[in-house]
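Report on the following structure.
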Amino acid sequence: MGRNQLSDGDNLPSDNDKCLELVQKILPLCNLFCYGEIVNPYYRTKTLMAALKKNSDSNCVTVTIKNKHEVYPALRKFLLPKNLL
């Protein structure tokens, strides 16, 4: 099983720890967990991406997307084996 999520990362900072806790429960059940965060002009440092970067599991892939030209490379990072990137 795999799980992909794209988000603008706009959530309450108080939710980040709970989200990270839930992701850590999902990771053992997944072959791959992918999270892409779309950066907006009001980008904050307390986003879900900041919380997920604390995770060191090899089956958790994170990317930041700054514009529409970075969507395809992000999907490639999600779908290609690490040794082919």
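Data overview
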read-out	value
Sequence-distant residues sharing a close amide H with Ile38 (under 5 Å, placed H)	Ser7, Asp8, Gly9, Ile65
Chain lengthening between Leu12 and Ser56 when straightened (0.36 nm per residue, less Cα-Cα)	13.6 nm
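Any read-out appearing in this document is the output of simple, stated calculations on the displayed coordinates, not a laboratory observation. None of these values were measured; they are calculated from a predicted model.
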